[in-house]
């Protein structure tokens, strides 16, 4: 099978996304913008309590409420709700206001039950056992101890040891477009849904399964969508409810999108991470042992595990992890699930140990990479040793941030504003799935379409498929119609795990290569040439390098029949396994605890880059997400009432434009990397940012700030505790 | 949001008629009321829109001579654009410039800023201003990171939400209120009171009254504000201090020090004022005033960090008033 072009014209250059202008100008229609004729508006009754039994529920007042067309109950009398935001019933009405009024008209009585909403509350032996029947003590599921080598002995051998308690809170996805879909029945067994989803086919299959209709009768459309980050993989209960309400309302379309509060409460989150870490090293900086006890909460249902140790080679280690259950919405995958937490915990401990050793933390990190860390070759000519890659990346990043200006922890001058530098390493997979397909059509009028049932969650998937087709056919990117976001097309990849581009690029490439071959077969005789003599460039068909016919004229030779080909995955075009490092420069005001991030540097590999512009955009977005995790985000739960206190975008804090630092992105794209083929970039660049910022803050202020985010409260508390005040 | 009647009167007098004092709310920029209505924290039967009343907007007077009269309906954007504001009242200018976002400044009014309801997350979750449940304070037992550190023996633990009230109190500003019995004029600090029991309001202005204007006298000396906030963009101050220093040569002859974010009212620190009187403003005297400002602070379980933070903002506001911005060096 053919490899990627050796001297590409388009691949690897900076190409604006095809729908960029439409998105930026507001013309793009997102699923939540779809208002088909006859639209009804959905609204849900959700639990205001963290834990309660429904003593009685009467939907009749909602049914009789003005403008109401359908009501569906989810929970019946006697059912138990386990978190604020759990859905109890749903209504469809002529207007959003009427739907909300109807929801409020539902008569419901709760028996409020004892709850636990914070990790400390859940684990307190005095707290109620809320999750009975799961065989838990203190609402905690203890994991097995994972042991390797001789951790205690390793720590005993250490010349220098540190012991740290670190934590990062639960955060939520805060997708700009909320979760939801608009569902519409055409007859008793045909359903269309405009869904904000990362997986059109998963959503379609769920809808088909729920209503027991053929999967081919369900069309899920996601032309564009406003962010998912791992939280939008299916129809979800609210999507099924929209379809059910529509069915009850004679097929009228029902729009059901969550409001912002419900997004925070019920649409997923990243679990918290708490760690007690002991780490030791020889005086020349070789780690001898690590013992870590960790826990976290993924809410009422989700787990909270994360990788630890992370990146570095720790031969003598033990790790025990517990999942703590609380009466909160369940965790969902969130951009590099587990890795940002593991990175924070590991890199904080690494930094503290480097400080205790009196060693440059960059040097200390390099000393503790495995000698050989071979990642998936993916058909590349030579194995990739990630340790070597990290060494290069760290050198580049250090140069770009000005690491030489870094001073040892706590020696950053007498004034109130202290400058600090920090760094962190990360890794991810990002390989492709081998079972996806792309169709390519070359029409007699010269138009070209590639299509598949994947979707663009913002990563640039639509543009990337068009770039590949344009590259092969010698056309401009805008001449290609990239048709995705439709569940009825050939199987496409669900967008999770940074897999969309590596899954979809190979079948796209193969489909377009096959279409080109078929075109050459058909027109070669007309040019008096062999198919092997033909090539395409600049909208022309070339024979032995000489332009003979325009693209359009060549396609016209097809008569009435377009060329239609199907491309499948072939090995060698994509690979798995990436690494990267990030550096942060911060200014911390030690009299206010306010952190200003001055600069972030990211050095990242991801094999062959198709579109440098959307690639950079992914890295910028990842860093900004990581900066929010580092500085601002935190789900705050009230222990007494069991509710989330900041289920909004006001006290759930997120960066605004003026909080964004200078961001320097450097693709690590050597010839060796390019030869690996395509690897996904969505997740890796968000992993290390918060860890690097925390380490920079600690370097600036002179004491470990052990709790994320780096808020004035957490920074001032760390400073006070160091002075024995707290 | 509950359905409501809507009135958009053209004069203050008609507005008074529409504000029946029972179940009505005045709407101006809407940056607070609309969110409360959406969250069912406030569900009035009638909303009285004030922005049609031309007489309520606009600024008159000369800031450098005899002071300014600011219509309650003046937007923060218009206030900030007013010539001379920054020179005469840097304390007010600084505080106004740090409110919200450009969009919010274009909508929000100075009157609405003074009369917005507390941002306490227990209040906004529908637990009432005092947030008491079964005789216990949700705030005291809960997450009180953004709550008061003074007057915490009582049950009103929220912090007064107006960051403009603080410089206005420091500058000795007054507000004029129109009611059924005519106009009355009171100092800005008398707009606020500490609620003692459920149902008490933190504002002294009646629900059937109209805030008409704010009169800021000529500054008698130097003034400044300093605000500490977590985010650079769109955020509330954690704490803020406004100071107004009357000078006799190099020495402070009189001082006003008012704090935001520490109490259920704009909190005047008489101890800090006393510490400044008769002193020249130096790093040491500013630090001494800052220490004095937090004497008697009784933080709650999670907001002890506000004590050092309050010291910092007092010190910086005092120094900023005399042009020493040491933290920018």
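Of all the strands (runs of 3 or more DSSP E) wholly in the range A:402-491, which have at least 2 residues that are under 30 Å from residue A:369 (Cα atoms)? Before you say what the answer is, go through the steps one by one.
Working: elements: A:417-428, A:437-442, A:448-451, A:480-483.
Counting at least 2 such residues, we get A:417-428.
Answer with yes or no whether residue B:159 is within 14 Å of chain A (Cβ to nearest Cβ) and either closer than 17 Å to residue B:260 by Cβ or not in a loop (DSSP other than H, G, I, E, B) (or both).
Against the criterion (within 14 Å of chain A (Cβ to nearest Cβ) and either closer than 17 Å to residue B:260 by Cβ or not in a loop (DSSP other than H, G, I, E, B) (or both)), residue B:159 qualifies.
Identify the single condition in (1) within 14 Å of another protein chain (Cβ to nearest Cβ); (2) under 22 Å from residue A:351 (Cβ atoms); (3) under 18 Å from the mean Cα position of the chain (by Cα) that residue A:624 does not satisfy, given that it satisfies every other one.
Looking at each condition in turn, residue A:624 falls short on (2).
Looking at (1) in contact (Cβ under 8 Å) with a residue 24 or more places away in the chain; (2) more than 17 Å from residue B:286 (Cβ to Cβ); (3) within 14 Å of chain A (Cβ to nearest Cβ), find the lone condition where residue B:214 falls short.
(3) is the only condition that residue B:214 fails.
Do you know which of the residues in the range B:127-139 that are more than 10 Å from chain A (Cβ to nearest Cβ) and in contact (Cβ under 8 Å) with a residue 40 or more places away in the chain is nearest to the chain's Cα centre (by Cα)? Walk me through it before giving the result.
As a first pass, look at the range B:127-139 and keep what is more than 10 Å from chain A (Cβ to nearest Cβ): B:128-130, B:132, B:135.
Subsequent filtering for residues that are in contact (Cβ under 8 Å) with a residue 40 or more places away in the chain retains B:128-130, B:132.
Details: B:128: 20, B:129: 17, B:130: 19, B:132: 24 Å.
Restricting to residues being more than 10 Å from chain A (Cβ to nearest Cβ) and in contact (Cβ under 8 Å) with a residue 40 or more places away in the chain, the top hit is B:129.
Can you find a residue in the range B:184-206 that is away from chain A (no Cβ under 14 Å), in contact with a strand residue (DSSP E or B) (Cβ under 6 Å, 6 or more places away or on another chain) and without any contact (Cβ under 8 Å) to a residue 12 or more places away in the chain?
So far as the range B:184-206 goes, yes, one or more of its residues are away from chain A (no Cβ under 14 Å), in contact with a strand residue (DSSP E or B) (Cβ under 6 Å, 6 or more places away or on another chain) and without any contact (Cβ under 8 Å) to a residue 12 or more places away in the chain.
If the requirement is being in contact with a strand residue (DSSP E or B) (Cβ under 7 Å, 6 or more places away or on another chain), part of a strand (DSSP E or B) and within 14 Å of another protein chain (Cβ to nearest Cβ), which of these qualifies: A:595, A:603? Can you show your working first?
Working: A:603 fails: within 14 Å of another protein chain (Cβ to nearest Cβ).
Sole residue among the options that is in contact with a strand residue (DSSP E or B) (Cβ under 7 Å, 6 or more places away or on another chain), part of a strand (DSSP E or B) and within 14 Å of another protein chain (Cβ to nearest Cβ): A:595.
Are any of the residues in the range B:4-15 touching a helix residue (DSSP H, G or I) at 6+ places or on another chain (Cβ under 8 Å), part of a helix (DSSP H, G or I) and touching a residue at least 12 places away in the same chain (Cβ under 8 Å)?
Scanning the range B:4-15 turns up at least one residue that is touching a helix residue (DSSP H, G or I) at 6+ places or on another chain (Cβ under 8 Å), part of a helix (DSSP H, G or I) and touching a residue at least 12 places away in the same chain (Cβ under 8 Å).
Taking residue B:297 as the residue in question, decide whether it is closer than 30 Å to residue B:140 by Cβ, within 14 Å of chain A (Cβ to nearest Cβ) and in contact (Cβ under 8 Å) with a residue 12 or more places away in the chain.
On the way: closer than 30 Å to residue B:140 by Cβ: yes; within 14 Å of chain A (Cβ to nearest Cβ): yes; in contact (Cβ under 8 Å) with a residue 12 or more places away in the chain: yes.
In short, yes.
Which condition from (1) assigned to a loop (DSSP other than H, G, I, E, B); (2) over 24 Å from residue A:177 (Cβ atoms) is the one that residue A:108 breaks?
(1)
State whether one or more residues within the range A:76-88 are within 14 Å of chain B (Cβ to nearest Cβ), at pLDDT 95 or above and closer than 30 Å to residue A:303 by Cα. Don't jump to the end; show me each part of the working.
Just the residues of the range A:76-88 that are within 14 Å of chain B (Cβ to nearest Cβ), to begin with: A:84-85.
Now narrow it down to the ones that are at pLDDT 95 or above: A:84-85.
Going one step further and asking which of them are closer than 30 Å to residue A:303 by Cα, we end up with A:84-85.
Yes, the range A:76-88 contains at least one residue that is within 14 Å of chain B (Cβ to nearest Cβ), at pLDDT 95 or above and closer than 30 Å to residue A:303 by Cα.
Within the range B:269-309, can you find the residues that are crowded, with 17+ Cβ neighbours inside 10 Å and assigned to a loop (DSSP other than H, G, I, E, B)?
If the condition is that a residue be crowded, with 17+ Cβ neighbours inside 10 Å and assigned to a loop (DSSP other than H, G, I, E, B), then B:269, B:279, B:281, B:294, B:297, B:299, B:300, B:303, B:304, B:305 are the ones that fit.
Kindly list, by first and then second residue, each pair from a residue in the range A:709-721 that is facing another protein chain (nearest Cβ under 8 Å) to a residue that is modelled with pLDDT under 95, limited to pairs with Cβ atoms under 6 Å and residues at least 6 apart or on different chains.
Listed by first residue and then by second, the contacts come to A:717/A:726; A:720/A:726.
Is at least one residue of the range A:683-698 in contact with a helix residue (DSSP H, G or I) (Cβ under 9 Å, 6 or more places away or on another chain) and either surrounded by fewer than 21 Cβ atoms within 10 Å (Cβ to Cβ) or over 21 Å from residue A:169 (Cα atoms) (or both)?
So far as the range A:683-698 goes, no, none of its residues is in contact with a helix residue (DSSP H, G or I) (Cβ under 9 Å, 6 or more places away or on another chain) and either surrounded by fewer than 21 Cβ atoms within 10 Å (Cβ to Cβ) or over 21 Å from residue A:169 (Cα atoms) (or both).
Suppose the filter is assigned to a strand (DSSP E or B), touching a strand residue (DSSP E or B) at 6+ places or on another chain (Cβ under 6 Å) and more than 20 Å from residue A:345 (Cβ to Cβ); does residue A:184 pass it? Reasoning before the result, please.
Details: assigned to a strand (DSSP E or B): yes; touching a strand residue (DSSP E or B) at 6+ places or on another chain (Cβ under 6 Å): yes; more than 20 Å from residue A:345 (Cβ to Cβ): yes.
It is true that residue A:184 is assigned to a strand (DSSP E or B), touching a strand residue (DSSP E or B) at 6+ places or on another chain (Cβ under 6 Å) and more than 20 Å from residue A:345 (Cβ to Cβ).
Check residue A:700 against each of (1) under 21 Å from residue A:353 (Cβ atoms); (2) within 24 Å of the chain's Cα centre (by Cα); (3) away from chain B (no Cβ under 13 Å) and name the one condition it does not meet.
(2)
Any residue in the range B:230-242 that is within 15 Å of residue B:102 (Cα to Cα) sitting within a Cβ distance under 8 Å of a residue that is not in a loop (DSSP other than H, G, I, E, B)? List the pairs, counting only those 6 or more apart or interchain.
B:232/A:596; B:232/A:658; B:232/A:659; B:233/A:657; B:233/A:658; B:233/A:659; B:234/B:104
Need at least 1 residues that are within 14 Å of chain A (Cβ to nearest Cβ) per element, so show me which helices (runs of 4 or more DSSP H) inside the range B:70-122 make the cut, counting only ones lying wholly within it.
On the way: elements: B:76-81, B:85-88, B:90-97, B:102-107, B:110-115.
Filter on the range B:70-122 gives B:90-97, B:102-107.
Hey, among the residues in the range B:140-155 that are assigned to a loop (DSSP other than H, G, I, E, B) and facing chain A (nearest Cβ under 8 Å), which one's farthest from the chain's Cα centre (by Cα)?
Of the range B:140-155, the ones assigned to a loop (DSSP other than H, G, I, E, B) are B:142-155.
Cutting the leftovers down to facing chain A (nearest Cβ under 8 Å) gives us B:142-143, B:145-146.
Details: B:142: 25, B:143: 23, B:145: 19, B:146: 16 Å.
Within the range B:140-155, the match that is farthest from the chain's Cα centre (by Cα) is B:142.
Could you check the range A:1-97 for strands (runs of 3 or more DSSP E) lying wholly inside it with 3 or more residues that are over 29 Å from the mean Cα position of the chain (by Cα)? Can you show your working first?
Details: elements: A:40-46, A:52-58, A:68-73, A:87-93.
Fully inside the range A:1-97 and qualifying: A:52-58, A:68-73, A:87-93.
Out of (1) more than 24 Å from the chain's Cα centre (by Cα); (2) more than 9 Å from chain B (Cβ to nearest Cβ); (3) surrounded by fewer than 21 Cβ atoms within 10 Å (Cβ to Cβ); (4) assigned to a loop (DSSP other than H, G, I, E, B), what's the single condition that is false for residue A:649?
(1)
Got a number for residues in the range B:231-268 being farther than 24 Å from residue B:123 by Cβ, more than 14 Å from chain A (Cβ to nearest Cβ) and not in a strand (DSSP E or B)?
Within the range B:231-268, residues that are farther than 24 Å from residue B:123 by Cβ, more than 14 Å from chain A (Cβ to nearest Cβ) and not in a strand (DSSP E or B) number 2.
This table checks each residue for (1) surrounded by fewer than 16 Cβ atoms within 10 Å (Cβ to Cβ); (2) closer than 30 Å to residue A:184 by Cα; (3) at pLDDT below 95; (4) in contact with a strand residue (DSSP E or B) (Cβ under 6 Å, 6 or more places away or on another chain).
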| site | (1), (2), (3), (4) |
| --- | --- |
| A:51 | no, no, no, no |
| A:65 | no, yes, no, no |
| A:72 | no, yes, no, yes |
| A:113 | no, no, no, yes |
| A:132 | yes, no, yes, no |
| A:142 | yes, no, yes, yes |
| A:148 | yes, no, no, yes |
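Exactly one condition in (1) surrounded by fewer than 17 Cβ atoms within 10 Å (Cβ to Cβ); (2) in contact (Cβ under 8 Å) with a residue 12 or more places away in the chain; (3) closer than 27 Å to residue B:190 by Cβ is not met by residue B:123; state its number.
(1)
Residue by residue through the range A:408-452, note down the ones that are more than 34 Å from the chain's Cα centre (by Cα) and either crowded, with 21+ Cβ neighbours inside 10 Å or free of Cβ contacts under 8 Å to residues at least 24 places away in the same chain (or both).
Passing the criteria: A:412, A:413, A:414, A:415, A:442.
Report the residue count in the range B:312-329 for those that are free of Cβ contacts under 8 Å to residues at least 24 places away in the same chain and either part of a helix (DSSP H, G or I) or within 14 Å of chain A (Cβ to nearest Cβ) (or both). Outline the logic, then answer.
Filtering the range B:312-329 down to residues free of Cβ contacts under 8 Å to residues at least 24 places away in the same chain leaves B:323, B:325, B:327-329.
Still in the list and also either part of a helix (DSSP H, G or I) or within 14 Å of chain A (Cβ to nearest Cβ) (or both): B:325, B:327-329.
Adding up the residues that qualify gives 4.
The values are calculated or read from the model by the stated rules, or taken from the named source; none is laboratory data. Every value quoted in this text rests on a predicted model; they were computed, and no experiment measured them. With ideal geometry, Cβ positions are generated from the backbone for all residues, glycine too; neighbour counts draw on all protein chains shown.
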